[in-house]
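*Asks:* Okay, handing you the structure first.
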Amino acid sequence: MHIAITGKLGSGKTTVSQLLSSRLGFEIYSTGSIQRKAAADMGISTLELNQRMMNDPSFDHVIDDTVAAVSRERDRIIFDSRMAWHFAVNAFRVFLTIETPEAARRVYLAERGAVEKYSTVEEAEAALEERCALERERFRTIYGVDYTDPANYDLVIDTTHKTSDEVADAIISAYKKAAGEN
């Protein structure tokens, strides 16, 4: 069984995915890394790439078709992806939520390269809110789903006041129960 982790921007998806990978021995498949690299290669921000993708969903389809194929061909993958919960087969679906001011603080302090560098926490917060709104609208338009709806997930965790280790522990416990590995 796979683990599909999505959540709000800045909620710790990538950090938690890395912890889970080291503890469980799962491979990580990160669509965010693919998107950030594509944006950097184009010399634009991820927000600008998201805006372009609103008018051209072909990049979304490539990513999501690949997630579906990888999930069928391999086992024990951690999908760090906004939409893997919807496309990966046999996946334990996790949503990480966070209060926006804390998400902005984390993203502001994180090293994500020149295309995702912010001058202030407030600038980061505004960019996160805009990007989230664009992604929600894009996925509603393309797939008819709201990735922020908790009903789509097996486990929802608020990471605002939790360490990455606490979040990873909670996911591992719930995953093992769901997979019958207690």
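*Asks:* Report the dimensions of region 88-182 along its three principal axes from the alpha-carbon atoms, largest first, rounded to Å.
*Replies:* Answer, in whole Å and largest first: 47, 34, 22 Å.
*Asks:* Taking Cα atoms, how many degrees apart are the long axis of helix 58-73 and the longest axis of the chain, rounded to 10 and kept between 0 and 90?
*Replies:* 10 degrees
*Asks:* Once you place label points 7 Å from the Cα toward the Cβ at Val89 and Asp158, how far apart are they in nm?
*Replies:* 3.7 nm
*Asks:* For region 1-94, just the Cα atoms, rotate onto the principal axes and tell me the three extents in Å, largest first.
*Replies:* Rounded to whole Å, the extents work out to 36, 24, 21 Å.
*Asks:* Using helices alone, what [θ] at 222 nm do you get for the chain, with -39,500 (n - 2.57) per DSSP H run of 4 or more residues, divided over all residues and rounded to the nearest 500? Before the final figure, lay out each step's value.
*Replies:* Working: 8 runs with 102 residues, N = 182.
Roughly -17500 deg cm²/dmol at 222 nm, from the helical runs in the chain.
*Asks:* About the Cα centre, and with charges only on the beta carbon of Lys, Arg (+1) and Asp, Glu (-1), how big is the dipole of region 2-178? Nearest 20 debye, please. If you can, show how the numbers build up before the last one.
*Replies:* On the way: 22 positive and 28 negative charges, 96 e Å.
Taking the Cα centre of region 2-178 as origin, the dipole is about 460 debye.
*Asks:* Could you check the spin-label model distance between Leu24 and Glu166? Points 7 Å from the Cα along Cα→Cβ, value in nm.
*Replies:* About 2.1 nm separates the two model spin labels.
*Asks:* Can you give me the C-alpha center-to-center distance between region 20-42 and region 121-177, rounded to a whole angstrom?
*Replies:* Answer, in whole Å: 16.
Every number here is computed from the coordinates shown, using simple stated rules; none is lab data. It should be emphasised that the depicted structure is a prediction, and the values quoted were computed from it without experimental measurement. Counting neighbours? That spans all protein chains shown, and the Cβs are built from the backbone with ideal geometry, glycine included.
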